[in-house]
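To keep things clear, I will list the structure first and then write my remarks on it.
Values quoted throughout were computed directly from the atomic coordinates according to the rules given, and no laboratory measurement underlies them. Just so it is clear, the structure is predicted and the values come from calculations on it, not from any experiment. Heads up, the Cβs are rebuilt from the backbone with ideal geometry, glycines too, and the neighbour counts pull from every protein chain shown.
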Amino acid sequence: MHKIPPWVQHHGGLAPHLTVTAPDPVSRSTFVGIATASRSGPSPTFTMPLSHMLFNLFSVALLGGVSLPGAHAAGSIPSRRITEYQLPVATETHEFARVPGTDLLVLSQMSNSHLVKIQLDPKTEQPLDLRSFPMGKDDKSGLHGMWPSEKRPGLVWMSLQWENKLLLVDAGRKSLEEKPTVVTTIDIPQPGNGPHCVFEIKGRVWAGLKVASKQDGGYYVFSSDLDGGNPKLYPSLNSPVFIKEDPSTGLIYVTQDAASSIMRINVTSGETAQLPIPPAVGNNPVGMTTIESGPLRGVWFSLAGNATGGTATFGRVVSETGALQFFSLKKPAEIGRKAGLLHVADATTKEAGPGLWLLSTSLLSNSSGDALIRVALDDAVSAIKGEEYNALPTQNAMSHRIVVLNSTVLVSELHTFTLAQLSYENTVAGKWLPDRGTASSSSYGKPGKRQASGKWRDL
């Protein structure tokens with residue numbers, strides 16, 4: 001049983017082309033500075049301009065090595081790569097999750113309300129094949145949220161935002177071709193409207209209702225038993241997105257993006273409180289995660305910024321006091337933009353120590369680049385120790401969500417119907433030495449000087 005801390009307030013012209021055959025699904029890797037294309041499966045054809053092919057060959061010769069499509073680093077040379085996998089065409093690719101006990105991913109494409117099932121290689125976690133299935137009454141149902149059930153292993157919670165429903169779904173665990181089956185349907189009661197993200201916390205299902213109520217214009221957080229019983233609606237600000245529990249106190253925290261505030265819910269008393277984000281720090285809290293153990297134990301969140309970009313800021317709720325503690329990236333210029341951080345996930349490993357994955361996105365501003373960033377923190381959780389930046393090959397992709405697998409990390413790209421995978425060989429995330437060198441100009445000797453024209457000299 002959680003002990004509610006005393007500080008909780010009780011109130012409310014076309015170049016020649018070469019035709020090349022390659023397997024499916026389509027993917028693209030960025031590896032050791034060379035962009036490559038790789039696929040696996042049946043063999044369709046794709047075309048590449050001859051000038052591009054010659055340029056790539058020239059680049060490889062200059063670098064003194066060859067990177068084959070889909071090839072891994074040879075020998076013991078440390079390497080990292082981001083491979084992008086093309087999904088069915090859709091204007092909005094949103095959330096995804098791994099189906100527990102399987103090598104399947106499920107991913108939502110909200111614009112046509114389709115569920116994409118993706119088969120992973122059990123060893124490399126590389127996406128191998130996929131199938132797409134409609135969900136809801138039609139293509140306007142608004143499939144969005146994805147969250148694996150803990151109490152019903154193998155099943156996944158999903159939200160139909162425009163139908164105002166939550167679904168508990170068996171995605172078809174026997175094969176990729178097996179159609180999803182709805183096990184439970186929960187209708188959101190009035191005046192609630194528009195379930196966006198969905199979560200399961202301690203035997204109850206939660207959803208942020210992102211659409212204004214048709215009855216009173218308000219916004220709500222929904223919670224019920226897993227069968228839909230004992231439903232509750234908590235009034236919130238505009239508009240609730242992520243919902244997480246503090247493992248120390250049992251208090252629930254909710255990001256509210258447009259209002260730039262975090263709501264705290266005492267599920268025992270039903271009382272709520274607001275924790276506004278100071279404008280000087282940033283705005284628009286969206287992503288939130290709970291870390292159950294270790295130095296980073298607690299609730300962490302990220303600030304997505306607005307149309308002018310972000311402030312490269314993330315934070316946590318200090319369990320002992322309920323206060324918000326903020327951290328800002330030291331090197332956001334590594335991605336050339338002002339980082340708006342949309343999502344956050346645990347990156348702690350035995351090899352690299354305490355850390356977080358942060359997702360910089362172009363979703364709200366083209367002044368923010370699309371990148372996956374690993375941040376290392378000290379054991380006292382008082383300072384940032386290191387930062388690793390992994391810019392996505394496709395920019396203006398509106399990177400959206402992070403899912404951490406056993407040895408790789410996946411990112412969904414909302415705008416480009418793409419799934420990106422970050423992987424390391426002969427090293428691990430948090431131990432990429434070249435990124436450390438960028439922190440100090442003295443690491444590689446005296447830096448070159450940049451002329452006004454933008455060209456480098458004295459290199």
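Simple point charges give the picture: +1 on the Cβ of Lys and Arg, -1 on the Cβ of Asp and Glu, and for segment 266-358 a dipole about the Cα centre of about 360 debye. Quick one: Cα centre-to-centre distance for segment 169-226 and segment 78-156, in angstrom? Using only Cα atoms to place each centre, the spacing works out to 17 Å.
Which of the aspartates and glutamates could be linked to residue 137 by a straight reach, that is with a Cα gap under 12 Å, when you skip same-chain ones fewer than 8 residues away? The reachable aspartates and glutamates, counting only those whose Cα sits under 12 Å from residue 137, are 163.
Packing, taken as the mean count of other beta carbons within 10 Å per residue, orders the peptides 150-163, 297-310 from highest to lowest as 297-310, 150-163.
Partners of residue 338 within straight-line reach, counting aspartates and glutamates whose Cα lies under 17 Å from its Cα and excluding those fewer than 8 residues away in the same chain: 370, 387, 388.
Please give every one of the aspartates and glutamates within straight-line cross-link reach of residue 202, meaning a C-alpha to C-alpha distance under 17 Å, and leave out same-chain neighbours fewer than 8 residues apart. Straight-line reach from residue 202, under 17 Å: 150, 225, 227, 245, 246, 292.
Rounded to the nearest 20, the size of the Cβ-charge dipole of segment 282-439 about its Cα centre is 240 debye, with Lys and Arg at +1 and Asp and Glu at -1.
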